[in-house]
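The values are calculated or read from the model by the stated rules, or taken from the named source; none is laboratory data. It should be emphasised that the depicted structure is a prediction, and the values quoted were computed from it without experimental measurement. Because the Cβ atoms are built from the backbone with ideal geometry, glycine has one as well, and the counts that use them run over all protein chains shown. Heads up: the accessible areas ignore ligands, DNA and RNA and are worked out on the full protein's heavy atoms, side chains in. Shrake-Rupley method; radii C 1.70, N 1.55, O 1.52, S 1.80 Å.
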Amino acid sequence: MIDIILRATLTAAVAQGTPLLLTALGEIMNQRAGVLNLGLDGMMLFGAVTAFISLIASGSLFVAVLVGGVCAALLALIHAFLSVTCRVHQVICGLALNIFAAGFSAFVGKDYNGIAAPKVLENIRIPLLADIPYLGEIFFNQNLLVYLSYALVIVLSFVMFRTQIGLKMRACGENPSAAYSTGVNVNRTRYIYVMIGGFLAGIGGSFLILSTIPTWTENMTGGRGWISLAIVTCAMWKPSAAMITAYVFGGMEALAYQLQ
């Protein structure tokens, strides 16, 4: 009995930690490039509501996830314009976007409150890998976005620390003057990574409404954007450490339900 509960908790920890991980990976890129984005929770909310509306309208999970990510990226573009181009204080800008996104998502989604999602992300069992004793069912019987998060951790770890692209990203955050002197367009680089970070936050919000909480309610993220910010700091801006930390937070959330 204990083994069943433990396995169910660990499986849920991976699923519950995935939206935190996706959002944290985007924020790692933001901060490595020199931009602090405190608007993650609002971007997750905006991604969730637009993904839900798109799912109702199109009936396609792919379209829903894509629209959620793109809409959150457009919100991140506002953050980039204000903080990078207009030099507005990044903390103030992020907090303002959080307030705006919370109110705007509630307004846009007011006609969808309490409606159940017509489709949800189904688990896909990977042959052979899912047959690995104990770990297989935990990590390889999940939905497609969970597998996407695995790939993102690997790719981002390689790109950030083993390529020129990653070196330029880190230089923009650590020493923008030196980056500029070598021909790197610092502002453009920051714009790109802020938008990528917003896109991933939107996908994190889409994951919530298409898997974890398959219905729209106001402020449904429950502060998960702020938890993602904490994960980034706890992980010391490393994708692999962020993965572990996100699953720890996801495990705490899953454990609360299992203990009941």
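None of Ala33, Ala57, Ala48 is surrounded by fewer than 24 Cβ atoms within 10 Å (Cβ to Cβ) and either in contact with a Lys or Arg (Cβ under 6 Å, 6 or more places away or on another chain) or farther than 19 Å from Val153 by Cβ (or both) except Ala57.
Looking across segment 75-103, the residues that are of a type in the set (A, V, I, L, M, F, W, C), surrounded by fewer than 16 Cβ atoms within 10 Å (Cβ to Cβ) and assigned to a helix (DSSP H, G or I) come down to Leu77, Phe81, Val91, Ile92, Leu95, Ile99, Phe100. Considering segment 141-161, the residues that are open to solvent by 50 Å² or more (accessible area, probe 1.4 Å) and of a type outside the set (A, V, I, L, M) include one that is nearest to Gly250 (Cα to Cα), namely Phe158. If you go through segment 206-223 and keep only what is at pLDDT below 95, closer than 18 Å to Gly39 by Cβ and in a helix (DSSP H, G or I), you end up with just Leu208. Considering (1) more than 18 Å from the chain's Cα centre (by Cα); (2) in a helix (DSSP H, G or I); (3) at pLDDT 90 or above, say which one Leu255 fails and leave the rest. With (1) more than 18 Å from the chain's Cα centre (by Cα); (2) in a helix (DSSP H, G or I); (3) at pLDDT 90 or above applied to Leu255, the lone miss is (3).
When residues in segment 105-123 are screened for being touching a residue at least 12 places away in the same chain (Cβ under 8 Å) and open to solvent by 80 Å² or more (accessible area, probe 1.4 Å), 4 of them pass. For beta carbons closer than 6 Å, sequence separation of 6+ or different chains, a first residue in segment 236-256 that is within 16 Å of Ile5 (Cβ to Cβ) and touching a residue at least 60 places away in the same chain (Cβ under 8 Å) and a second that is hydroxyl-bearing (Ser, Thr, Tyr) and open to solvent by less than 50 Å² (accessible area, probe 1.4 Å), the qualifying pairs are Ala254/Thr9; Leu255/Thr9. Just so you know, in segment 104-139 the residues that are part of a helix (DSSP H, G or I) and of a type in the set (Phe, Trp, Tyr) include one that is farthest from Thr189 (Cα to Cα), and it is Tyr112. Scanning segment 188-226 for residues that are among the small types (Gly, Ala, Ser) and either within 15 Å of Ala64 (Cα to Cα) or out of contact with any His (no Cβ under 8 Å at 6 or more places or on another chain) (or both) yields Gly197, Ala201, Gly202, Gly204, Gly205, Ser206, Ser211, Gly222, Gly223, Gly225.
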